[in-house]
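Since every read-out is calculated from the coordinates, none of them should be taken as a lab result. Computed from a predicted structure; not experimentally measured. In this analysis, Cβ positions are derived from the backbone assuming ideal geometry, glycine residues included, and neighbour counts consider all displayed protein chains.
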Amino acid sequence: MDWKPLVAVVAILVILGGIYYIYSGREKGPESVRIGIVLPLSTASFASAGQECYRGMQMAVEEINSNGGVLGKPIELVVKDDKGDPNTAITVATDLITNEQVPIIVGFYSSTVTYATMNAIKQYQPIVFVMGASSVKVESLVGKERWFFHMHPWDYHRQGTVIDYFLHYIEPTPQKIFVAYEDGVYGSTSYSYFVNMSREVGAPWDIKGEPFKSGSSDFSAIILKAKDYDPDVFYIVGYPADYPVFFRNAKENDFNPKLIFIVAPEFPEYPKDIGDYVAGVDVWSPYLDIPQAKDFVAKFQSQYGRLPEYWAPFCYTAIKMVAQGIEKAGSLDREALISGLESVQMDSPLGPVSFKQTGNTLHQVVDKLYVVQWQGGTVVILYPDEFKTGELIYPVPTWAERGG
Amino acid sequence: MNVDLLVQAVANGVLLAGFYALVTLGLNLLFGVLEITNFAHGDLIMMGAYATLWLNRLAGVDPIASIPMVFLILFGVGLAVYLLFFKPILKAPAHNQIALTFGLSVFLQSLALIAWGSDLRTLDIPYVSKTVSIGPVTLGYGRLIAFSIAAAFTLGFFAFLKWSKLGYAVRAVSQDPEAASLLGVNVNRIYALVSGLAAALGGVAGVLVAINLYIHPYVGVELTLKAFSVVILGGMGSYVGMLVASLVLGISESLVGALFPQGSGLAPGVAFAIIVLVLALKPEGLFRR
């Protein structure tokens, strides 16, 4: 008899059992306050943000626990990887609600995944604090629910800032804007908001839009089309992986708009050689002159050796807000916790934060955005005025003027 | 669109085709000789990109100068992959081989994620960002370097196949392993050599990815798809077909993207439409091996 298959099966079962033992032991400490976490930790375009968010959460937990925890107990994160996949996210979120019975779930990144998950779990009415998901489709689904709390600005906050900046801060006001947008929910919704809101405020510019597939290895075609249109501003709504390719292709094709403008331009390995003078809208900046932001950046840098991306302070702040909410509630009772969260007010790396009513959302944290520009390898904050550290360079030098 | 931009679009398409050819070469070689469809090929390219990154960051090696080292490193990886994974499944049904290479792909991605994290990384190499103008056409050094390296390795590989003794042996095994074995060719060694070479060529493509794109555990996913498009269109195992298909895809993507409304979103779809059309008319691809 060939024993090999049987031995293999037994070996696999022993390994799986060992892993379960280790992890179940970790997750079910009886003397802790357990917070459910759902993040994309291992998927193509989303894992970077998910892991950065998790780093911020871990920093917050370390700080809270070293100061005695909440309700006299340490905080414990029950972490689930949604892999950026809606079905996985629904499964792990349902598991956190029904099996793990955590009092609150914090996390979620993409609009598509969050929409599908909220739709599936709303029957349980769990308390969720969503970090990402800027699409208003999510807002219209659950924004008015008392159990729904939201960190990231919505589409209209972002596009409102962009339009306000283009309209009132760029001299002369741009007359032609080419928008290259990724063809998913995030890019398409952002584009339609930009077009509609521009129309509503009577903005003077013509807009030409072109979708692209995020993660492509060449964007020369869209660059040539934009070059043919000859815009004042070339506005790209994509993900960090797309931007270096866009900048390189713009240079290779000698495309010289007066300004290249992107979403979330401050990521750790920003390509400074080709990305100088690029401006963009961001929800946070490590260069903010806020004491808590400076402290957070210093701690993050000493731990990880680089500047944080905005997901780290977002998620750090979220755990701190949840901890304060639990303290205010005095228990993990659902209604008490919702009321506790509603009364949270604190200073944070994002500035003073609380849950405010905005648009169609009962509990929104961030509604203010920043406009920044890379100048000489560093970031200059241009907007809003109270955080301004420099002036916009516009029009930017051509590639030839920069040395070819 | 004016004529200058049209010429620029064609030039971009040709440069892109060179890159596609090198991305595909290893995959095509492996299928041509071992008849294994390797879904982990893009992940070997990803490993080449990381090898370039770390050689640059830790030892200050210029990416172009790192090509021989990356070639050798990935040759070793390919050899290990052959001994551990490919050799045991050489005679297995095709669907088992595909399942294995899918698994290998996920394994390599997870390994990269654990080892180097999910941070997006870029290499700042000043000369790569320079450009040169030839008439109405502007060409980036990065793309030109990529095209030149791709052309050199592709032609070098063809010369190796055609004129070296080992190349003869590879071709013989590719055509009929049993007959080659009877003529004294050590088929197992040729398989090992080809696996190493396929990964090494992927590694060189990884150097080009590192200097022209970005470095991330999942950067190979799109490249695997692209390589499969080229191989299927050109005909599995055909090198002439591979070159023609690379040109067809590179130029068509560039022109469709630049000429048609919403063309940048359409371009990948058009590439696949060409594949479907060609396969409907000529199921074995443009060129039969």
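Descriptive notes on the structure:
- Taking the Cα atoms of chain B, the ratio Rg/Rh between the radius of gyration and the Kirkwood radius comes to 0.97.
- Global geometry of the stretch B:95-188, whether rounded, prolate or oblate, following the gyration tensor of its Cα atoms and the 1.5 cut on a/c: oblate
- Gap separating the Cα centres of the stretch A:306-358 and the stretch A:167-200, nearest whole Å: 32 Å
- Cα gyration tensor category, rounded, prolate or oblate, for the stretch A:77-134 with a/c compared to 1.5: rounded
- Per-residue ellipticity at 222 nm, computed for chain B from helices alone with -39500 (n - 2.57) per DSSP H run of at least four residues, works out to -25000 deg cm²/dmol.
- Beta-bridge orientation, chain A: approximately 30 percent antiparallel, per DSSP, counting only bridges with both partners inside.
- Selected from B:V170, B:V33, B:V61 as most flexible by GNM, with chain B as the system and alpha-carbon contacts under 10 Å: B:V61
- C-alpha center-to-center spacing [the stretch B:267-289, the stretch B:182-256] in angstrom: 17 Å
- Distance from the stretch A:79-158 to the stretch B:81-143 (C-alpha centre basis), Å: 33 Å
- About its Cα centre, the dipole of the protein assembly as shown is roughly 1760 debye, where the only charges are +1 on Lys and Arg Cβ and -1 on Asp and Glu Cβ.
- For the segment B:11-24, counting C-beta atoms of other chains within 10 Å of every residue's C-beta and taking the mean gives 2.
- Within the protein assembly as shown, percent of DSSP bridges classed antiparallel, to nearest 5: 35 percent
- Footprinting exposure proxy ranking of A:I223, B:I89, fewest other C-beta atoms within 10 angstrom first, gives B:I89, A:I223.
- Seen against the Cα atoms of chain A and their longest principal axis, helix A:155-169 is set at about 30 degrees.
- Peptides A:208-219, A:190-201, ordered by how many other C-beta atoms sit within 10 Å of their residues on average, highest first, read A:208-219, A:190-201.
- Between helix A:311-329 and chain A: long-axis angle, C-alpha atoms, 0 to 90°, nearest 10: 50 degrees
- Scanning residues 5 or more positions from B:G117 or on other chains, none has an amide H under 5 Å from its amide H, with H placed 1.01 Å from N in the peptide plane.
- The sum of -39500 (n - 2.57) across all DSSP H runs of n ≥ 4, divided by the residue count of chain A, sets its helix-only mean residue ellipticity at 222 nm to -13500 deg cm²/dmol.
- Mean per-residue shielding of peptide A:242-253 is 6, counting Cβ atoms of other chains within 10 Å of each Cβ.
- Once both labels are positioned 7 Å from their Cα atoms along Cα-to-Cβ, the gap between A:V195 and B:V61 label points is 5.0 nm.
- Helix axis angle, B:41-59 relative to chain B longest principal axis, alpha carbon, degrees: 70 degrees
- Shape call, the stretch B:13-101: gyration tensor on alpha carbons, a/c limit 1.5: oblate
- Projecting the Cα positions of B:N2, B:S174, B:A112 onto the charge dipole of the protein assembly as shown (unit charges on Cβ atoms of Lys, Arg, Asp and Glu, taken about the Cα centre) puts B:S174 furthest along the positive direction.
- Charge-dipole axis of the stretch A:133-291 as Lys and Arg at +1 and Asp and Glu at -1 on Cβ define it, positive-most pick from A:L224, A:W205, A:V195: A:V195
- Cβ-based exposure ranking for A:E52, A:E386, A:E335, in which fewest neighbours within 10 Å come first: A:E386, A:E335, A:E52
- Counting, for every residue in A:153-163, the Cβ atoms of other protein chains within 10 Å of its Cβ and taking the mean gives 0.
- Relative contact order for chain A, counting Cα pairs under 8 Å that sit 6 or more residues apart, in percent: 16 percent
- Ranking of A:D155, A:D276, A:D289 by count of other Cβ atoms within 10 Å, fewest first: A:D289, A:D276, A:D155
- Charged-residue dipole, Cβ positions (Lys, Arg, Asp, Glu), chain A about Cα centre, Debye nearest 20: 600 debye
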